[in-house]
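The values are calculated or read from the model by the stated rules, or taken from the named source; none is laboratory data. Values in this document were obtained by computation on a predicted structure and should not be read as measured data. Because the Cβ atoms are built from the backbone with ideal geometry, glycine has one as well, and the counts that use them run over all protein chains shown. The protein model used for the area step is the full one, side chains on, heavy atoms only, and it has no ligands, DNA or RNA in it. Shrake-Rupley method; radii C 1.70, N 1.55, O 1.52, S 1.80 Å.
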Amino acid sequence: MNTQGRKGVYFPYFRGKQFELILLREQQALLARSSFVPVIEPVTDSLNSVKKTLQSLLKSETMVSLIINPANGDLKNDGSQVERMVDEDKYVESDCFYVGYIIDSTTTIDQIRAILAKYTQVMLIHNGFALGRELSAIIDASGCNVTNLFIENQSPRLYRNHYKGNKILNRDGFKKCFLNKEYPDVESFSDLHCTYVDEGLDGFSDFLINGSEYVEAGGPASTVTIHLTFVDPELDNQMFIYHFKSDRTEGISDPGGKFLEALSKLVNVVSLDNSKILKTEAVKEYLQLFEQEHFPGLGYVKKLSMQHHLETLSDFLRPKD
């Protein structure tokens, strides 16, 4: 694959959890084919799975960004281990690799200067940094290939306007509820996949079906919920999300039985003649789980819904004949 001239449009933001890294390795062909650029924020101090994932993605010439100063998890406030790994393993020798760097209210101009001087292909994740006019001038003078990924609720439009090119907006379409049983059956997710060009952007990003809030590990759920996105062609191709919930919403016993309750609702909607849910490979696997009455664990269920989200956007963005 010739990587010259390739340009990513969708930048899914992942935390480096086990199932997310497995998903990235499993879906490397789809990611490469679609020119998706996964952004990975490593959150555990064991980087072996991250290394394995990067090696797999770069071997298939998938564009990827690894954040070297994580803001969450075990490596929060100390990204030296990640930066050392990037330097020692020479990922920057691949033109598919972006060094990701989060800039927030605590970041100094000198810290950013140092990153732009050290690396030639950088993705700045704007998460509350305020000196837009000054930083934009520094980027222009640096000669560094910089992609700016703006976290929407931390990057006002006036701030974003200071930057001239390679602008990506991350909009968190997942409206997290405190309790799973509080989710509506269906609600809006985002229209950014349709409107990013009109907004003067070069691409868009989201946290898939996870939401921006970082949670160390999910505990037992009193309500088992399957989150599944879909594009509605009858409503200007806006994206919506189903929340298929178990009938039982109290106690933490029998998660497998509750999963099948939620899954039966998914199957009912997918099986409708006018269903707007794309029959992705992930949906096909959900249907197989229903036939087998098998519960693979909540982590695996979330992985399938993330896969479906990637497949849905890949289909939507694919050039149509």
Exactly which GluC sites (Glu not before Pro) in region 203-302 are in a DSSP loop and have at most 12 other Cβ atoms within 10 Å? 213, 216, 250, 293
Let me spell out the model: positive unit charges on the Cβ of Lys and Arg, negative unit charges on the Cβ of Asp and Glu, origin at the Cα centre of region 236-321. What dipole size does that give, in debye rounded to 20? 200
Sticking with the crude label model, points 7 Å out along Cα→Cβ, report the distance from residue 198 to residue 215 in nm, one decimal please. 3.3
For residue 139, what accessible area in Å² do you get when you roll a 1.4 Å probe over the heavy atoms of the protein chains, rounding to the nearest 10? 20
Where trypsin sites (Lys or Arg not before Pro) fall in DSSP loop in region 1-106, at most 14 other Cβ within 10 Å: 6, 7, 76, 90
Greater than 18 Å separation of Cα atoms is the criterion. Which listed pairs, 17/245; 176/265; 265/302; 7/90, meet it? 17/245; 176/265; 7/90
Heavy-atom accessible area with a 1.4 angstrom probe orders 302, 245, most exposed first, as 302, 245
When we measure straight from the Cα of residue 258, which aspartates and glutamates land under 13 angstrom away, once same-chain ones fewer than 8 places off are left out? 247, 250, 293
Going by alpha carbons, how many degrees (0 to 90, nearest 10) lie between the helix axis of 109-118 and the longest principal axis of the chain? 90
Please find, in a Gaussian network model of the chain (springs between Cα atoms separated by less than 10 Å), the residue of 154, 121, 28 whose mean-square fluctuation is greatest. 154
What does region 200-292 give for Rg and for Dmax, in Å, if only its C-alpha atoms count? 15.4, 49
Roughly speaking, to the nearest percent, how much of the chain's 1.4 Å accessible area is carbon and sulfur? 47
Reviewing (i) 16.9; (ii) 16.1; (iii) 18.5, the figure for mean projected area of the Cα convex hull in nm² actually calculated from this model sits under (i)
What figure in square angstrom, to the nearest 10, would you give for the accessible area of residue 88 with a 1.4 Å probe? 130
Given a 1.4 Å probe and heavy atoms of the protein chains only, how would you sort 53, 44, 120, largest accessible area at the top? 120, 44, 53
Testing the spin-label approximation: label points 7 Å from Cα along Cα→Cβ at residue 237 and residue 254. State their distance in nm. 4.4
Quote to one decimal, in nm, the extra length available between residue 268 and residue 118 on full extension: 0.36 nm per residue of separation minus the C-alpha distance between them. 48.6 nm
Which FRET efficiency value, to the nearest 0.05, is calculated for residue 89 and residue 109 with the Förster distance at 30 angstrom and r the Cβ-Cβ distance? 0.55
In region 116-214, the trypsin sites (Lys or Arg not before Pro) that sit in a DSSP loop and have at most 15 other Cβ atoms within 10 Å of their own Cβ are 164, 175, 176
Sorted by accessible area (1.4 Å probe), largest first, how do 162, 227 line up? 162, 227
Dipole size in debye (nearest 20) for region 63-157 around its Cα centre, Lys and Arg Cβ +1, Asp and Glu Cβ -1? 260
Counting only heavy atoms of protein chains, what accessible area per residue, in Å², does the chain have with a probe of 1.4 Å? 46
What is the magnitude of the charge dipole of the chain about its Cα centre, with +1 placed on the Cβ of each Lys and Arg, -1 on the Cβ of each Asp and Glu, and no other charges, expressed in debye to the nearest 20? 440
Not counting ligands, DNA or RNA, and with a 1.4 Å probe, what is residue 247's accessible surface area in Å² rounded to the nearest 10? 100
